[in-house]
Amino acid sequence: MKNKLLTILILICSALAVSCIAAGCGSDKAASYDHLVTFDYNAEIDGITVKYENQYLGVDDGKHAMAPVKPESSLYMNSNFREQQFTAYKVAGWYTPKIGEDGSLQKGPDGSVLLDKEWDFKNNVVTSDITLYAKLEKKPAIKLFFDGAVKQEVYVDRTLDITNRTLLDSLVKPEKDGWTFYDLFSNPEMTEPIVFPIDFDDGADVTLYPKFIEGRNWRIVKTETEFLNAYAANAKIYLDADLDFTGKTWRSKIRYNNELCGNNHTLSGIDYTVSGEMSNNNNLGLIGILAANSYLHDVTFENVSVTVNALRNVGSAGLLAGSMEKGARLTNVTVSGKLIEGNLQAADIAFYPVCPTIANATATDCDFANITIVRK
């Protein structure tokens with residue numbers, strides 16, 4: 001038995017009855033073994049050198065070697081002999097090298113060692129010093145393509161099946177500075193939705209196309225509930241569908257101070273009753289207060305019904321808003337419907353088609369012609 005002084009870590013694999021020594025793990029002990037197995041990751045790929053370090057294993061004559069522990073193994077985290085990981089590649093096996101007639105290693109055009117026979121760790125035994133070379137298999141990637149280039153690549157295992165949107169969203173995070181992510185599509189024209197499952201059995205990359213909305217922090221709204229939540233949160237609303245609020249409870253008495261982009265969609269079926277009190281004498285309308293930084297554009301409020309009740313004189317009311325602060329803006333906004341006098345008892349409230357203080361706002365290309373005030 002010959003001795004070799006190496007920087008090694010002693011590994012014992014009782015299941016294989018092998019006395020093993022791994023070098024390069026921070027140990028300076030003299031070790032006894034018959035043969036040294038070198039694991040070379042052969043990582044010069046497509047002309048690009050991938051950073052790696054060789055690993056070493058001391059093995060007795062006629063015994064089995066063990067491969068570096070793979071990441072999917074339950075032993076991986078607690079092992080000191082772990083397989084090295086590469087972002088875009090995985091180890092698909094360990095091979096002996098092809099040797100030329102002159103005894104030299106044969107290499108391919110990319111500089112990697114050409115592989116000969118796969119090493120069978122279960123049946124092959126070590127009878128001399130050997131070097132095994134990794135077969136690195138490129139992982140398939142999810143690619144996000146926008147603005148004329150691939151902006152993000154996420155490498156995955158071939159065995160992965162993406163069965164739902166939640167799993168996909170956990171893998172890719174489309175981002176564009178100054179824009180809000182809208183959705184992912186399967187074609188460059190961004191007209192075809194993603195079809196699940198997405199599999200990578202053939203090893204091919206999958207390219208997806210993210211759509212973005214100009215501006216930060218848009219809340220994309222597709223349902224009535226999403227709208228009500230965004231509106232109550234004073235969010236920047238991007239309306240992405242026509243919404244019918246029939247049977248829904250409208251939330252008002254709110255000071256809205258953000259942007260509502262309607263994308264030429266319609267809000268309909270709103271039937272709201274507001275009660276005037278001393279504390280809310282300026283928010284008697286569909287929207288309580290349109291504040292100074294509010295901006296409503298490209299949206300239609302269709303056949304809105306607002307009924308006003310009050311116990312005392314509490315100011316005035318408008319169908320769209322109870323008040324508009326100086327600086328509020330309306331562009332291409334259409335409002336139709338009825339502002340209805342309810343139970344006013346002794347109160348005397350002034351009713352305005354759109355808003356009592358609309359003069360404070362800038363209204364451009366708006367249509368308020370089909371508003372009716374109904375008084376008793």
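The values are calculated or read from the model by the stated rules, or taken from the named source; none is laboratory data. What you see is a predicted model, and the numbers here were worked out from it, not measured in a lab. Neighbour counts run over all protein chains shown; Cβ positions are idealised from the backbone, glycine included. Note: accessible area is taken over every heavy atom of the protein model, side chains too, but ligands, DNA and RNA are not part of it. Shrake-Rupley method; radii C 1.70, N 1.55, O 1.52, S 1.80 Å.
Selection of region 326-376 for residues being surrounded by fewer than 17 Cβ atoms within 10 Å (Cβ to Cβ) and part of a helix (DSSP H, G or I) yields 359, 360. Screening region 149-185 for residues that are farther than 25 Å from residue 215 by Cβ and in contact with a Phe, Trp or Tyr (Cβ under 7 Å, 6 or more places away or on another chain) and picking the one that is surrounded by the fewest Cβ atoms within 10 Å (Cβ to Cβ) gives 164. Meeting the requirement of 3 or more residues that are free of Cβ contacts under 8 Å to residues at least 40 places away in the same chain and either of a type outside the set (Val, Ile, Thr) or within 29 Å of residue 204 (Cβ to Cβ) (or both), the strands (runs of 3 or more DSSP E) wholly within region 46-140 are 115-118. Of everything in region 286-302 that is more than 13 Å from residue 357 (Cβ to Cβ) and open to solvent by less than 10 Å² (accessible area, probe 1.4 Å), the residue that is farthest from the chain's Cα centre (by Cα) is 286.
Taken as a whole, the condition of being modelled with pLDDT under 90, within 19 Å of residue 134 (Cβ to Cβ), over 43 Å from the mean Cα position of the chain (by Cα) and not charged (D, E, K, R) does not apply to residue 25. Taken over region 129-148, residues that are small (Gly, Ala, Ser) and open to solvent by 50 Å² or more (accessible area, probe 1.4 Å) amount to 1.
Among the residues of region 206-227, those that are open to solvent by less than 10 Å² (accessible area, probe 1.4 Å) and either β-branched (Val, Ile, Thr) or within 18 Å of residue 263 (Cα to Cα) (or both) comprise 221, 227. Applying the condition of being under 39 Å from the mean Cα position of the chain (by Cα) and charged (D, E, K, R) to region 67-107 and asking which residue is most open to solvent (accessible area, probe 1.4 Å) yields 72. For region 187-204, a residue qualifies if it is surrounded by fewer than 16 Cβ atoms within 10 Å (Cβ to Cβ) and of a type outside the set (A, V, I, L, M), and the qualifying residues are 187, 188, 189, 191, 192, 193, 196, 197, 199, 201, 202, 203.
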